[in-house]
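Working notes, structure below.
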């Protein structure tokens, strides 16, 4: 059973652990939405299955699947991956699932944020709004209902009190228009058990999530941040990356450390191809896909498992360089690539479609 707790994680001694801390498992959700995934989501489902199998070699994976898609998912996934029936609108469980928090006495609970489909750009989202509560019920984890619209991809933590986020997303008026920066910082401290918020500016160029930080930067360990980097000054991403670097170099973390910044090359720039745009069935109220649209591609959007780092393969010109950098930052893990362009076409990547369950 999962009870709703009428307090906050910080008040109860809970914190959000870093992703490089041990996990008991990983959740994913099966893609099916025809106005987001091309060709009845077939190519995306194959990509999700490949990611799930890569992670399953490192830790248990549970796939949330609608009733209509259950047999299809079960046929594409190995028996080692648990398939459970959960109604969803889409397949971005990083943003719709719970943020797990732990204490020092073996407790594990979850934060259920409000979800409004990235400022209302995809409708409907009522099923996705209920995903976190359902996951927590199945994990038998008590639930904190946070008074804040927030997606999991908009935050990264170092496990030692520091939160990394972007102004473009968390201060966007389409999320929490009644809250100012100070109020949002207070809620992040209360519901993540955090002490310090480090604000970057915009996220990756033309990211429809309004600049989720997980596409731009992440912690490799306390005091070390991986940053998506563009060298070409004519690329709009270059200015964004330089702004983020300047902010990180001027900041310190919750323990007073200066940041070491490791630069990850940016793929591409990559754009939607004509055949990829044509395979999506448009629906009223959703964003149309057009050939030539810039894709918000980033190697920072990876999943960090217990023994494996599963990274997106996006651009043959840069995949090997990115893998080598990631391997140097995580020498204790095997770096494995998964072809993920089909996930990118949907609006995110490997980190966006996964949600870790930290060990108690």
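The values are calculated or read from the model by the stated rules, or taken from the named source; none is laboratory data. In this text, all values refer to a predicted model and were calculated from it rather than measured experimentally. No Cβ is skipped: glycine too gets one built from the backbone with ideal geometry, and neighbour counts run over all protein chains shown.
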Name the one entry in 341, 289 that is at pLDDT below 95, crowded, with 19+ Cβ neighbours inside 10 Å and closer than 18 Å to residue 92 by Cβ.
289
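Yes/no per residue for (1) crowded, with 19+ Cβ neighbours inside 10 Å; (2) more than 29 Å from residue 164 (Cβ to Cβ):
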| site | (1), (2) |
| --- | --- |
| 19 | yes, no |
| 35 | no, yes |
| 39 | no, yes |
| 53 | no, yes |
| 60 | no, no |
Within the stretch 242-261, which residues are out of contact with any helix residue (DSSP H, G or I) (no Cβ under 6 Å at 6 or more places or on another chain) and not in a loop (DSSP other than H, G, I, E, B)?
242, 243, 244, 245, 246, 247, 248, 249, 250, 252, 258, 260
If you go through the stretch 39-49, how many residues are over 21 Å from the mean Cα position of the chain (by Cα) and under 14 Å from residue 341 (Cα atoms)?
1
Can you say whether residue 184 is within 29 Å of residue 125 (Cα to Cα), touching a strand residue (DSSP E or B) at 6+ places or on another chain (Cβ under 6 Å) and not in a loop (DSSP other than H, G, I, E, B), as far as the supplied structure shows?
no
Are any residues in the stretch 113-133 outside any loop (DSSP other than H, G, I, E, B) and crowded, with 20+ Cβ neighbours inside 10 Å, and if so, which ones?
113, 117, 118, 128, 131, 132
When you look at residue 141, is it surrounded by 18 or more Cβ atoms within 10 Å (Cβ to Cβ), in contact with a helix residue (DSSP H, G or I) (Cβ under 9 Å, 6 or more places away or on another chain) and in a loop (DSSP other than H, G, I, E, B), yes or no?
yes
Restricting the search to the stretch 31-59, which residues are closer than 22 Å to residue 295 by Cβ and outside any helix (DSSP H, G or I)?
31, 32, 33, 34, 35, 36, 37, 38
Looking only at the stretch 1-19, how many residues end up being assigned to a loop (DSSP other than H, G, I, E, B) and over 15 Å from residue 355 (Cβ atoms)?
13
Within the stretch 47-65, does at least one residue satisfy the condition of being farther than 15 Å from residue 354 by Cα and touching a helix residue (DSSP H, G or I) at 6+ places or on another chain (Cβ under 6 Å)?
no
Exactly one condition in (1) assigned to a loop (DSSP other than H, G, I, E, B); (2) farther than 30 Å from residue 39 by Cβ is false for residue 239; which is it?
(1)
Looking only at the stretch 19-45, which residues are within 25 Å of residue 313 (Cβ to Cβ), in contact with a strand residue (DSSP E or B) (Cβ under 9 Å, 6 or more places away or on another chain) and in contact (Cβ under 8 Å) with a residue 60 or more places away in the chain?
19, 20, 23, 25, 26, 27, 28, 29, 30
Could you tell me whether residue 191 is surrounded by 18 or more Cβ atoms within 10 Å (Cβ to Cβ) and at pLDDT below 95?
no
